[in-house]
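Read the structure below first, then the notes.
The values are calculated or read from the model by the stated rules, or taken from the named source; none is laboratory data. Everything quoted here is computed from the prediction, not taken from an experiment. With ideal geometry, Cβ positions are generated from the backbone for all residues, glycine too; neighbour counts draw on all protein chains shown. The protein model used for the area step is the full one, side chains on, heavy atoms only, and it has no ligands, DNA or RNA in it. Shrake-Rupley method; radii C 1.70, N 1.55, O 1.52, S 1.80 Å.
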Amino acid sequence: QVHLVESGGGLVQPGGSLRLSCAASGIIFSRYTMGWYRQAPGKPRELVATITYGGSTNYADSVKGRFTISRDSAENTVYLQMNSLKPEDTAVYYCNVKIDLMPFWGQGTQVTVSS
């Protein structure tokens, strides 16, 4: 059974940093592309970043140069380092993996950027 657990969210001031973690179980982690998505109130869920099993990364234009996705296959964990945070980054952040085209999601972690 696929299980994704996010952590690391919280309240941070504009310009601050947070690191999100997503621990995966029930999958052969090293085989799959992992992703981070986010959903702000009243808006659809959007892609933030992905990382392939080979380490290739892809970012939404809105976070390029500020966010970094990485993975540790020994720990079955994917990370999202978020720097220079802006109020518009406020959202629930979700970890994602697709297996045979079926998406699996974690429960999400809230990130709030406010002074």
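Per residue, the average separation of C-alpha pairs within less than 8 Å and at least 6 apart gives region 13-70 a relative contact order of 23 percent. Hey, for a label at Ser114 modelled as a point 7 Å past Cα toward Cβ, could you say which residues of region 36-52 have their backbone N under 14 Å away? The answer is 41.
On average, how much accessible surface per residue is there in the chain, in Å², for a 1.4 Å probe, leaving out ligands, DNA and RNA? If you can, show how the numbers build up before the last one.
Working: 6140 Å² over 115 residues.
On a per-residue basis, 53 Å².
At an R0 of 30 angstrom, the distance between the Cβ atoms of Ala74 and Ser17 translates into a FRET efficiency of 0.80. Under 13 Å from the Cβ of Lys43, count the other residues' Cβ atoms, weight Lys and Arg +1, Asp and Glu -1, and hand me the total. Surrounding charge for Lys43 is -1. Over the chain, Cα pairs under 8 Å with separation of 6+ residues give a relative contact order of 36 percent.
Cα convex hull of region 1-45: mean projected area in nm², to one decimal? It would help to have the intermediate numbers written out before the result.
Details: hull surface 18.5 nm².
Mean projected area for region 1-45: 4.6 nm², to one decimal.
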